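The values are calculated or read from the model by the stated rules, or taken from the named source; none is laboratory data. The structure displayed is predicted, hence computed values, not measured ones. Here the Cβ is made from the backbone with ideal geometry for all residues, glycine too, and neighbour counts use every protein chain on show.
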């Protein structure tokens, strides 16, 4: 408590005189301080999740993803596209690893009504992603209202590391409500929204909003690659970058192909970049 | 007086029904009546004390029972659905050896001379206009049970004696209604309101209450404590709940009144008519125990709240639940218990009984936390014309350590950092099967290698621990059931180059595999699957498989099973 007060005071003292000097950076910090004070959470220092990816963290004014806020991750509605879920799962894995042992639960809320069509979360997949499935509470809501209710209840429960909600869209009112709940509970909310068309600007109450598209990877099953568009970042600027996620080490890595041989087991048959004219050769290789 | 009741009811003196048969001492409305008992000769509590002889005097709790006999229940219960039952001659019939027999009649039919047990042809002869219905014992049983549930507003211990009698254990409960007399008056008024003819009797023993209710001249009788001997003396022997053959046998030797049995020597009586006569007699007189079997075991933790005026608004219901929870949680704390299940029962003015149950994942007795679980559902509780009584009981409790005083202020909101209350709220609103946790199984086939298990249920099947970050590369999202997909492959036994799925074409640029996964031979005999990981031109990474190897009897098919990130 005392630490928090000190840092607050320090921050105030630091930012105020320096605004004249280094305007852009300190203005951002000042704005954040003011916003924090406005919301009545003046004494709590902001908690940040550093993603460990230098350029990704560099895009965010806080030097990482702010905890206790809502982050929206937009993806395509097509069932076969897992990029947005992948990026979300990566952030959830980092949040779970970052949380204390007792508070590492993840609430994963999705909507399921009647016949389930399409792909659903998988414990084995979480395991491969570095999320402990034993500390995941999976909730199947009947409709959108129930889903938002579940997410809000989760966000208010400080025992969770993160709340992941699979939504189609979030309107501004619901978004604000969730944001307030996240601030009250201090739980990070990751909203995977698959109902937004690319290129359509929508108002949002979230701290950040990412659009995630899959990108071809040179080593696709050990390193996932996603093209990220940071469409909105409070106090920051929109940006785009491509990141990789190492499935072996469960951390963000550079997207470029790295020529370091992977320590994991090699598959029996390896078929690199199939080209139609290469097929006879491949066939030989398989036969061999 | 907190009980709402019609104000125009006459007082005890004016009400013709209630007769004090043997007023020795003025009836006192004390919560617990005590009287002197002796260890010897009393089977009830005396046995535990062993041989104390005449000297071992101790106080036993005078039990009080109320019998509700409903002589015309079979017919009157139908009145709300069939208005004719109340006005026109009406009878219920049963089939007996191919003949139709009158089982029950209403007052109008009885006035014409129709009797229960008559063949229908005879009944038709005296009452040609007689309306008929088939007797439905199952429906009657259900209706009586519903009435018994309603009667739990007076006491938690209600026994159902089919087909038409209820027995209430009033011990320690009458004071809630201001004593037995007001309770009887209230009960009689309500039964009148339901249109049920009734005969009520309160006495020290179930046997006496039943006999008096069934055979006394007055419809409502209050037998003072310890006066059952005089009360049942004039009643017919049939009141002893004996088999009809025994009653007939006793009548043949001139024993028709219960009082006539008092001086008769027991040994010859038992030799001729069996031990039952003596046993029943002793039970009626309270010399040996006559346990009552309640329709359900009353939970140890139960609180009740009666309202001066029936409540209608959501706010008052919420306040009522809060108060009940506060009282219940105090008792739980005193007993070192926490609830796992709670049932709130609202008794409506119209006699409807509305239960509302919640469950918790761990023992809990924080009234705020429990209230939040009810809060979601209270708006679904339809108060109708008002709720008169609410009860809250805990059918399932677990041991729970006493609350620990917190030294640190930061500890005060420790409860909020636990996920237990969150899980309870989710389960109570969404249902158990919608709040789950993934569990690993020791199986090869991917859709069987894990299961979603309800959070509040223990594991079923062989559970294996998760190996976080060390498992095989598996897709983040899995199809519940693999979906068939069309493929183009250059050589039959190679990964596909094109994939057609739901109207879209995916050109495969990279593939890895096959990984052969077969189900365990001792569990299921199915062909092994060859899994490939593929990436399409846009970077979508998918998990597909061929359901059998090439070269078998049937052509293999391709399925899409999962989506990598």
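Give me a count of the residues in region B:424-445 that are at the interface with chain A (Cβ under 7 Å from one of its Cβ atoms) and not in a strand (DSSP E or B).
4
Would you mind stating whether residue B:218 is in contact with a strand residue (DSSP E or B) (Cβ under 8 Å, 6 or more places away or on another chain), outside any strand (DSSP E or B) and surrounded by fewer than 21 Cβ atoms within 10 Å (Cβ to Cβ)?
Yes.
Criterion first (under 27 Å from residue A:245 (Cβ atoms) and in contact (Cβ under 8 Å) with a residue 60 or more places away in the chain) does residue B:438 satisfy it?
no
Please work out which residue is surrounded by the fewest Cβ atoms within 10 Å (Cβ to Cβ), limiting yourself to region A:195-217 and to residues that are touching a helix residue (DSSP H, G or I) at 6+ places or on another chain (Cβ under 7 Å) and part of a loop (DSSP other than H, G, I, E, B).
My answer is A:203.
Which of the following residues is crowded, with 18+ Cβ neighbours inside 10 Å, at the interface with chain A (Cβ under 10 Å from one of its Cβ atoms), under 25 Å from residue A:146 (Cβ atoms) and modelled with pLDDT under 85: B:360, B:419?
Just one listed residue meets the conditions, B:419.
Of all residues in region B:533-565, how many are surrounded by 16 or more Cβ atoms within 10 Å (Cβ to Cβ), more than 8 Å from every other protein chain (Cβ to nearest Cβ) and at pLDDT 85 or above?
11
Can you report the number of residues in region A:218-257 which are part of a strand (DSSP E or B) and within 14 Å of another protein chain (Cβ to nearest Cβ)?
So the count comes out to 14.
Can you tell me which residue within region A:157-171, out of those that are modelled with pLDDT of 90 or more and farther than 19 Å from residue A:77 by Cβ, is nearest to the other protein chains (Cβ to nearest Cβ)?
Selected residue: A:160.
Looking at region A:100-130, which of the residues that are more than 8 Å from chain B (Cβ to nearest Cβ) and at pLDDT 90 or above is farthest from residue A:157 (Cα to Cα)?
Of everything passing the filter in region A:100-130, A:110 is farthest from residue A:157 (Cα to Cα).
Checking residue A:70 against (1) surrounded by fewer than 24 Cβ atoms within 10 Å (Cβ to Cβ); (2) more than 10 Å from chain B (Cβ to nearest Cβ); (3) farther than 21 Å from residue A:246 by Cβ, which test does it fail?
Looking at each condition in turn, residue A:70 falls short on (1).
Here are some residues: B:320, B:286. Which one is buried (at least 16 other Cβ atoms within 10 Å of the Cβ) and at negative phi?
B:320
Looking only at region B:446-457, which residues are more than 10 Å from chain A (Cβ to nearest Cβ), in a loop (DSSP other than H, G, I, E, B) and in contact with a strand residue (DSSP E or B) (Cβ under 7 Å, 6 or more places away or on another chain)?
B:456
What is the one condition in (1) buried (at least 24 other Cβ atoms within 10 Å of the Cβ); (2) under 18 Å from the mean Cα position of the chain (by Cα); (3) at the interface with another protein chain (Cβ under 10 Å from one of its Cβ atoms) that residue A:151 does not satisfy?
Evaluating residue A:151 over (1) buried (at least 24 other Cβ atoms within 10 Å of the Cβ); (2) under 18 Å from the mean Cα position of the chain (by Cα); (3) at the interface with another protein chain (Cβ under 10 Å from one of its Cβ atoms) leaves (3) as the failure.
Would you point out the residue of region B:484-514, among those that are free of Cβ contacts under 8 Å to residues at least 24 places away in the same chain and more than 7 Å from chain A (Cβ to nearest Cβ), that is surrounded by the most Cβ atoms within 10 Å (Cβ to Cβ)?
Among residues in region B:484-514 that are free of Cβ contacts under 8 Å to residues at least 24 places away in the same chain and more than 7 Å from chain A (Cβ to nearest Cβ), the one surrounded by the most Cβ atoms within 10 Å (Cβ to Cβ) is B:489.
Being in contact (Cβ under 8 Å) with a residue 40 or more places away in the chain, outside any helix (DSSP H, G or I) and under 16 Å from the mean Cα position of the chain (by Cα) is true for just one of A:165, A:158, A:182. Which residue is that?
Residue meeting the stated conditions: A:165.
Would a scan of region B:327-349 turn up a residue that is at pLDDT below 85, more than 19 Å from residue A:159 (Cβ to Cβ) and touching a helix residue (DSSP H, G or I) at 6+ places or on another chain (Cβ under 6 Å)?
no
Can we say residue B:481 is in contact with a helix residue (DSSP H, G or I) (Cβ under 8 Å, 6 or more places away or on another chain), surrounded by 13 or more Cβ atoms within 10 Å (Cβ to Cβ), modelled with pLDDT of 80 or more and in the same structural domain as residue B:558 (by TED's automatic domain parsing)?
no
Are any residues in region B:458-487 over 19 Å from residue B:561 (Cβ atoms) and either in contact with a strand residue (DSSP E or B) (Cβ under 9 Å, 6 or more places away or on another chain) or not in a loop (DSSP other than H, G, I, E, B) (or both), and if so, which ones?
B:459, B:460, B:461, B:462, B:463, B:464, B:465, B:466, B:467
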